Amino acid sequence: MNDFSQYFEVLYHQSNDPWGYDQHWYEARKRQICLAVLTQQHYPSVLEIGCSNGHLSIHLAKRCHQLLCVDVSAHAVQLAAQRLQNLDHVSVQQHKIPENFPEQKFDLIVISEVAYYLSSVELQQLIGQLKHSLTPQGEILCCHWRHEIRDFELDALQVHHHLKQSLPFAHYLSLNDPDFMIDIWTVNPSSLAKQQGLI
């Protein structure tokens, strides 16, 4: 097991909810905002990178036909699988990204609170994979905590800057909360209103 994996296994050994995802209004509000800014009501296929204990996954599952949740931590995968066990259209798997990136294409890829744990090299590898992992109507939502991340190379500003510089998709939306930042990229450059014939 590498150091990246070990870091999370230690956290989950100490608590099934290391960041208080299921306890704090801050986290509930952030989830609601992430879900609200998605451009589509329903997605055929969704990939969630870094699903943790499934706190966001359970909501994403209501918005899609198929959901693949991945996390580097075996303990996190077990917790998420328990939470999502009654949902036949959801699969929870242990993968380290970018080494084990799924081969299929997705209509939505969610990267929440995880990319700043990668090295710069790993982030560029991930970006390279993202370029080839969306359907013609696909989009990427990226959300990260703005404050200090100790003992790791990257932070939210660096992650989102690299994504903005390197992703070939239309940058659809930015949301800057004092505590977190959200960006969305879409393959289709048209606004939602234009797509639906409202303008």
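Once region 20-63 is narrowed to residues that are assigned to a helix (DSSP H, G or I) and of a type in the set (Ser, Thr, Tyr), the residue that is most open to solvent (accessible area, probe 1.4 Å) is Tyr26. Of the set (1) open to solvent by 20 Å² or more (accessible area, probe 1.4 Å); (2) of a type outside the set (A, V, I, L, M, F, W, C); (3) closer than 26 Å to Leu123 by Cβ, all apply to Arg83 but (3).
For Glu113, indicate whether it is out of contact with any Pro (no Cβ under 7 Å at 6 or more places or on another chain), acidic (Asp, Glu) and surrounded by 14 or more Cβ atoms within 10 Å (Cβ to Cβ). Answer is yes for this residue. When Ser5 is tested against the conditions (1) of a type in the set (Gly, Ala, Ser); (2) over 17 Å from the mean Cα position of the chain (by Cα); (3) modelled with pLDDT of 95 or more, the lone failure is (3).
Residue-by-condition table, conditions (1) in contact with a strand residue (DSSP E or B) (Cβ under 6 Å, 6 or more places away or on another chain); (2) more than 23 Å from Arg63 (Cβ to Cβ); (3) among the charged types (D, E, K, R); (4) open to solvent by 80 Å² or more (accessible area, probe 1.4 Å):
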| residue | (1), (2), (3), (4) |
| --- | --- |
| Leu87 | no, no, no, no |
| Pro98 | no, yes, no, no |
| His147 | no, yes, no, no |
| Asp177 | no, no, yes, no |
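Counting just the residues of region 44-72 that are small (Gly, Ala, Ser) and closer than 25 Å to Trp25 by Cα, which one comes out farthest from the chain's Cα centre (by Cα)? So the residue we want is Ala61. Inspection of region 149-167 identifies no residue that is in contact with a Ser or Thr (Cβ under 6 Å, 6 or more places away or on another chain) and among the hydrophobic types (A, V, I, L, M, F, W, C).
The values are calculated or read from the model by the stated rules, or taken from the named source; none is laboratory data. Just so we're clear, the structure is a prediction, and the values are computed from it rather than from any experiment. Don't worry about glycine lacking a Cβ; one is built from the backbone with ideal geometry, like all the others, and counts go over all protein chains shown. Surface areas here come from the heavy atoms of the whole protein model, side chains and all, with no ligands, DNA or RNA. Shrake-Rupley method; radii C 1.70, N 1.55, O 1.52, S 1.80 Å.
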